[in-house]
Amino acid sequence: MDKQTLASFLDFANHHQDATPEDIKILCQKVRQYRFHSAFVNPCYVALTKDLLSEGIVGTVISFPLGQDNRDIKVLTAIDAIRKGANELDVMMNVGLFKAGRHTEVLEEMKAIVEAVKNIKKSAVVKFIIETGLLTNEEIKKAAELVLKSGADFVKICSGWGPRGVSLKDVELVKSVVGGKIKIKVAGGVDTYKEAIDFINAGVNRIGTSHAVEIIKDLK
């Protein structure tokens with residue numbers, strides 16, 4: 001795989017608590033230099049990132065990394081991000097409510113977010129993050145089913161802040177439910193070229209990583 005094709009799979013992210021405006025400027029410079037798919041930042045930096053990248057793709061995270069903000073807060077934060085220029089949103093699913101068996105409530109929350117976002121910008125991409133390190137195999141499949149029913153564009157596997165990162169087994173389980181109906185993004189521990197290629201070969205459409213530059217440089 002050539003560098004440009006590989007770069008198109010990578011969302012270059014900086015979600016660190018101590019990320020400064022200068023760090024975001026460096027992130028955007030690297031996105032332009034290596035032509036990564038997007039720059040992913042925390043919500044407070046969406047407007048800055050949009051200014052820096054102009055026509056580039058800007059992504060942000062919603063209710064990250066816990067997913068336990070109230071539904072109305074999630075919806076309003078998603079709307080605010082879109083209005084400030086975000087093209088893609090990675091939204092944390094409420095894993096606590098999900099594990100409590102309140103699947104209808106979780107699904108209705110996800111549907112409300114998708115509807116609110118698409119009403120403002122139909123082209124906006126919505127991904128829901130399922131923290132597979134906290135779920136059984138059957139729960140992973142059920143969570144993927146809910147994301148599919150929500151109208152989202154992607155299932156995202158792992159936040160990168162949970163008890164573990166994504167595994168190839170996770171991808172297999174999610175694919176068994178969603179097939180090719182929606183796309184799959186992965187995050188958490190994808191730091192090398194080989195790891196990235198393994199996930200791409202497994203059918204992943206996007207990789208979120210803070211190690212995008214290292215992955216590209218690892219390509220021989």
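Observations on the structure shown:
- For the stretch 42-123, the gyration tensor built on C-alpha atoms gives a prolate shape. Its axis ratio a/c (a ≥ b ≥ c) is at least 1.5, and a/b is the larger of a/b and b/c.
- Considering only Cα atoms, the convex hull volume of the stretch 1-154 works out to 119 Å³ per residue.
- Working note: Debye formula, equal point scatterers on the alpha-carbon atoms of the stretch 146-204, no solvent; log10 I(q)/I(0) at q = 0.17, 0.29 Å⁻¹ is -0.53, -1.28.
- When you count the other C-beta atoms within 10 angstrom of each residue and take the mean per peptide, 117-125, 71-79 line up highest first as 71-79, 117-125.
- Neighbourhood net charge (13 Å Cβ-Cβ; Lys/Arg +1, Asp/Glu -1) for residue 190: -2
- Highest average packing first - 13-25, 47-59, Cβ atoms within 10 Å: 47-59, 13-25
- For the stretch 79-158, a Kirkwood hydrodynamic radius built from all Cα pairs, placed in the Stokes-Einstein relation at 10 °C and 1.306 mPa s, yields a translational diffusion coefficient of 125 µm²/s.
Any read-out appearing in this document is the output of simple, stated calculations on the displayed coordinates, not a laboratory observation. Computed from a prediction, not measured in an experiment: that's the story for all the values here. Note: ideal-geometry Cβ built from the backbone for every residue, glycine included; neighbour counts use all protein chains shown.
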